[in-house]
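Engineer: One structure coming up, written as structure tokens, with questions to follow.
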Amino acid sequence: ASAVKKTMSTAKNLSQQRPAATPRTFQPFRCYTAPVAAEPFLNGTSSNYVEEMYYAWLENPKSVHKSWDIFFRNANAGAPPGSAYQSPPPMGVSLAGLAQAQSLVGAQPNVEKLVEDHLIRGHHVAQLDPLGIMDADLDSCVPTDIITSSDKLGFYGLEESDLDKVFRLPTTTFIGGNESALPLREIIRRLEMAYCQHIGVEFMFINDLDQCQWIRQKFERPGVMQFSLEEKRTLLARMVRSTRFEEFLQRKWSSEKRFGLEGCESLIPALKTIIDKSSEKGVDTVIMGMPHRGRLNVLANVIRKELEQIFCQFDSKLESGSGDVKYHLGMYHRRINRVTDRNITLSLVANPSHLEAVNPVVQGKTKAEQFYCGDTDGNRVMSILLHGDAAFAGQGIVYETFHLSDLPSYTTHGTVHVVANNQIGFTTDPRMARSSPYPTDVARVVNAPIFHVNADDPEAVMYVCTVAAEWRATFHKDVVVDLVCYRRNGHNEMDEPMFTQPLMYKQIKKQKGVLQKYAEKLIAEGAVSRQEYEEEISKYDKICEEAHARSKDEKILHIKHWLDSPWPGFFTLDGQPKSMSCPSTGLPEEELTHIGQVASSVPVEDFTIHGGLIRILKGRGDMIKNRTVDWALGEYMAFGSLLKEGIHVRLSGQDVERGTFSHRHHVLHDQNVDKRICIPMNHVSPNQAPYTVCNSSLSEYGVLGFELGFAMASPDALVLWEAQFGDFHNTAQCIIDQFICPGQAKWVRQNGIVLLLPHGMEGMGPEHSSARPERFLQMCNDDPDFNPKVTDDFEVRQLYDCNWIVILLPFRKPLIVFTPKSLLRHPEAKSNFDQMLPGTHFQRVIPDDGPVTQSPSEVKRIVFCTGKVYYELTRERKTRNMEDSVAITRIEQLSPFPFDLVKAETEKYPNADLVWCQEEHKNQGYYDYVKPRMRTTIDRAKPVWYAGREPAAAPATGNKNTHLLELKRFLDTAFNLDAFKDHV
């Protein structure tokens with residue numbers, strides 16, 4: 001600014017010295033450059049540029065752009081630095097008509113600063129708390145720069161006498177409507193109406209001008225928040241249903257926990273508004289996730305679940321079909337949206353008490369639904385996530401899920417987040433529960449606009465939810481509605497909140513209900529009569545009573561009413577249940593060869609791969625010629641054959657494209673062209689299903705939850721998540737414990753998710769060795785003391801009854817695979833084509849087929865094991881020359897335990913001692929799971945000896961030498977059992 005002033009001063013002096021007879025012309029292409037665009041040139045380096053324009057302007061003001069005309073006029077009038085430029089007036093408005101505003105040029109920048117401050121911080125003074133006692137932003141000090149009372153105008157260099165003066169409005173604001181200038185008093189009033197009433201808007205941190213302007217229009221234009229009579233009556237009816245549903249449950253089951261919605265009844269019309277507006281924009285499927293508070297009300301009045309199905313869950317004599325409490329259950333329903341007259345499918349995903357754990361699950365299910373219906377932009381399928389304020393700020397999974405929101409393989413093209421902001425945790429004051437001003441501040445990391453709204457103003461709630469749905473439909477990005485409310489009861493209906501929040505609950509007891517306040521408002525307006533209001537209440541009460549009467553009929557109960565992800569047609573074939581059989585998974589040799597050739601080639605022309613990959617692909621080709629496969633190639637053949645059959649395969653994890661151990665290379669990168677990739681697996685067959693392989697963000701909890709949700713959508717897909725190292729599933733334990741392990745028992749929800757967990761003790765330390773198999777085995781539901789009767793369908797029946805595993809079967813169970821690390825390149829860890837041809841099956845137990853089979857009665861010891869230790873045992877056995885006296889049997893399927901095959905193995909070697917050998921420590925690994933089952937198998941006739949590492953707190957040592965000493969010690973134990981027995 002000072003440089004421009006200096007240039008102007010110089011230009012004035014020059015103009016006075018300049019001969020009148022020297023006319024100058026200004027270049028036409030320059031005269032349309034506005035001052036803002038010319039700013040880079042006004043830094044003292046291009047003063048001639050300004051001088052030329054100034055000379056031209058002196059001779060003919062019309063020879064320069066209108067904005068330069070205003071600039072030069074203001075500068076000549078003595079405008080302070082930085083304030084001479086103003087945008088040109090709108091079309092049709094003359095400069096003369098703005099003379100008064102021009103005369104106030106000195107105060108103009110201060111008025112513009114006042115406008116900007118309201119946009120940035122107006123939400124800090126908005127009246128958001130229905131109770132009027134809390135500060136939604138945890139700050140009782142109101143920012144002085146947005147207090148615009150007359151005694152504070154001095155902050156902006158304004159005086160009370162300026163209130164009635166007209167100021168030009170910045171072009172970035174819409175408060176003027178069609179007017180370009182307003183009195184200061186009216187500017188302030190309109191700003192306060194837009195940003196400081198019952199709605200607080202946070203959006204100025206968004207770095208996209210178009211998005212910011214879009215939001216300004218929605219909240220600043222005069223008269224935007226006006227509703228028709230029909231809209232108000234619909235809103236009242238929804239408030240009646242929300243409120244009376246809770247009151248009905250309270251009357252009928254006063255001593256039952258239900259985690260009701262009292263104090264946040266406007267949540268129901270909020271959700272219905274989002275769904276209505278989204279349906280209007282073309283959405284036909286909405287997938288929702290939420291915590292327990294208000295879930296039954298959402299099921300009843302948003303999803304529109306039959307009320308009798310909800311009420312019967314309160315009757316302990318009738319409750320059946322689910323292993324979880326009623327306020328954790330889910331629902332799937334397709335119905336007509338009466339507002340838009342369009343079909344819409346609503347799904348509420350079941351969720352445990354881990355409040356935000358459902359977030360990534362919903363996102364994964366949404367992504368899958370979009371994928372299978374070809375909705376590449378999220379125009380048809382969307383997600384809505386509901387949150388509590390304390391959990392939204394406190395649970396890291398919220399942050400992890402937000403960071404999936406814009407990743408290509410994980411985006412759902414925008415989620416509407418609704419926070420039921422109770423302004424309290426269970427008993428924890430928000431000032432002790434978060435360090436950020438609002439619980440929603442985590443959403444700022446993805447530039448999601450945040451709309452705070454007073455939940456006791458239903459019309460304000462309805463408006464922000466409309467804007468939120470429109471935002472999602474327009475920009476396909478996340479948006480947050482912060483519904484600032486209160487919790488009328490305690491954490492649940494049996495809780496006493498006065499113990500810890502006495503002042504808050506004294507106010508709550510005096511607080512008039514939102515339905516009553518809104519009804520009185522509409523009655524006063526004449527929008528509805530008191531009689532109509534009371535009739536609406538009576539009508540819904542009658543609906544509840546009739547449903548309650550029907551709920552006593554046991555015939556109405558069926559688990560299908562509580563499924564959130566039904567798989568129609570999957571469990572039947574031609575109307576009959578599918579055969580409970582285990583088909584062969586083998587493939588014809590020509591198919592194995594074809595897939596192997598794809599795996600060892602680059603099916604794209606002019607594609608340059610890394611030199612190291614050339615060797616790897618050549619090695620794969622050599623294996624195909626020799627009719628052998630290693631782990632990576634076997635995986636390739638499994639995936640490729642499924643894709644050829646039309647089964648979608650999705651593999652996700654932090655480094656799955658290449659593979660953590662550089663063994664997979666499912667995505668090839670052109671070494672000369674950035675972002676040019678090739679996925680050979682998508683070139684297996686012309687009509688194949690797509691193969692999705694995607695590196696994820698550095699998250700386990702969020703990504704595993706996402707893949708679990710993806711696997712929910714369809715049984716006809718193979719969905720896999722691979723941990724970088726098996727140990728890292730620790731941080732996803734909540735998903736494993738709450739969804740994967742008990743999912744079918746809790747919610748009768750089958751799922752085919754596969755977990756690939758690299759595991760093996762190789763001296764790499766305690767965080768890169770153990771996938772903690774003992775944890776998974778501890779959670780298996782087969783009985784160690786019960787030896788099941790062997791029948792024709794024994795193998796399949798075991799799988800059907802267990803809680804996790806999956807093969808090509810007429811049902812889906814999760815599968816946990818402890819995958820290798822060093823065995824990926826072990827020369828002996830290979831299979832022959834003969835083991836993969838038609839008629840072959842998965843081998844639950846792999847018996848020893850070496851010299852011990854010649855004289856089984858002379859075998860002294862049978863060593864059972866699983867995994868990598870087998871190769872160390874066989875090497876040691878050969879070194880000790882004991883190949884005819886010690887049998888080594890591999891148990892490939894740990895759970896459900898193969899009682900029948902283990903029994904056959906022990907009977908094969910009648911004089912042999914039984915040893916379980918593992919490389920893991922005794923208190924870890926498989927021993928505690930295997931030992932009692934082996935003893936049950938052999939009817940406890942023999943002891944089952946242990947050979948392995950001694951108990952330890954950590955899963956592995958980080959010292960390579962110690963690792964080798966431990967290995968030598970337990971191998972010596974395995975083959976010198978007599979010394980071990982003497983020691984015991």
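Engineer: Past 25 Å, Cα to Cα: identify those pairs from LYS922/LYS942; LYS813/LYS922; LYS860/LYS968; LYS644/LYS821; LYS272/LYS517, in the order given. Display every interim value, and only then the final one.
Structural biologist: Working: LYS922/LYS942 20 Å; LYS813/LYS922 29 Å; LYS860/LYS968 21 Å; LYS644/LYS821 28 Å; LYS272/LYS517 20 Å.
Cα-Cα > 25 Å for LYS813/LYS922; LYS644/LYS821; rest within.
Engineer: Consider all pairwise Cα distances in the range 589-819 and report the whole-number % of them above 23 Å. Could the numbers behind the result be given before it?
Structural biologist: Numbers: 14380 of 26565 pairs.
Roughly 54 percent, rounded to a whole number.
Engineer: Then there is this: What translational D, rounded to a whole number of µm²/s, comes out for the range 620-753 from Stokes-Einstein when the hydrodynamic radius is the Kirkwood one over Cα pairs, at 25 °C and 0.890 mPa s? Don't skip to the answer; put the middle values down first.
Structural biologist: Values: Rh = 16.2 Å.
Estimated diffusion coefficient is 151 µm²/s.
Engineer: Bin all alpha-carbon pair distances of the range 229-557 at 20 Å intervals from 0 and give each bin's fraction as a whole percent.
Structural biologist: Once binned at 20 Å, the Cα pair distances of the range 229-557 give 32, 61, 8.
Engineer: Then there is this: Going by C-beta contacts inside 10 Å, put LEU708, LEU307 in order with the fewest on the left. Before the final figure, lay out each step's value.
Structural biologist: Numbers: LEU708 25, LEU307 22.
Ordered by Cβ neighbours within 10 Å, fewest first: LEU307, LEU708.
Engineer: Taking neighbour counts of Cβ atoms within 10 Å as a proxy for exposure, in what order, fewest first, do SER279, SER685 appear? Walk me through the intermediate numbers first.
Structural biologist: On the way: SER279 20, SER685 17.
Going from sparsest to densest Cβ surroundings: SER685, SER279.
Engineer: Calculate, in whole percent, how much of the Cα-Cα pair population of the range 844-983 lies beyond 21 Å. Present the calculation step by step, with values, prior to reporting the outcome.
Structural biologist: Values: 3795 of 9730 pairs.
Summing the P(r) of the range 844-983 above 21 Å gives 39 percent of all pairs.
Engineer: Same structure again: Can you give the convex hull volume per residue for the Cα atoms of the range 110-217, as a whole number of Å³? Walk me through the numbers on the way to the answer.
Structural biologist: Working: hull volume 11.3 nm³, N = 108.
Measuring per residue, one finds 105 Å³ for the Cα hull of the range 110-217.
Engineer: Which loop GluC sites (Glu not before Pro) in the range 606-686, with loop taken from DSSP, have no more than 16 other Cβ atoms within 10 angstrom of their Cβ?
Structural biologist: Numbers: sites: GLU635, GLU645, GLU657; in loops: GLU645, GLU657.
Here the GluC sites (Glu not before Pro) that fit, given the DSSP loop and packing criteria, are GLU645.
Engineer: Something else now. Check each of the trypsin sites (Lys or Arg not before Pro) in the range 881-984 and keep only those in coil by DSSP with at most 13 other C-beta atoms within 10 angstrom; list them in order. Don't jump to the answer; show the numbers that get you there.
Structural biologist: Details: sites: ARG890, LYS903, LYS908, LYS922, ARG933, ARG935, ARG940, ARG949, LYS960, LYS968, ARG969, LYS981; in loops: LYS922, ARG940.
Loop-located and lightly packed - ARG940.
Engineer: Sticking with this one: May I ask you to sort TYR691, TYR195 by Cβ crowding, counting other Cβ atoms within 10 Å and putting the fewest first? Please report the intermediate quantities before stating the final value.
Structural biologist: Values: TYR691 21, TYR195 24.
With the fewest neighbours first, TYR691, TYR195 line up as TYR691, TYR195.
Engineer: Here's something else I'd like to know. How much of the pair distance distribution for the range 691-792 lies past 20 Å, counting alpha-carbon pairs only, in percent?
Structural biologist: Details: 2424 of 5151 pairs.
In whole percent, the share of Cα-Cα pairs in the range 691-792 beyond 20 Å is 47.
Engineer: Tell me the trypsin sites (Lys or Arg not before Pro) within the range 648-728 that lie in a loop according to DSSP and have at most 12 other beta-carbon atoms within 10 Å.
Structural biologist: Numbers: sites: ARG650, ARG658, ARG664, LYS675, ARG676; in loops: ARG658, ARG664, LYS675, ARG676.
Taking the range 648-728 and a limit of 12 other Cβ atoms within 10 Å, the loop trypsin sites (Lys or Arg not before Pro) found are LYS675.
Values quoted throughout were computed directly from the atomic coordinates according to the rules given, and no laboratory measurement underlies them. Please read all numbers here as calculations on a predicted model, not as lab measurements. A quick note on method: Cβ atoms are made from the backbone with ideal geometry, for glycine too, and the neighbour counts reach across all protein chains shown.
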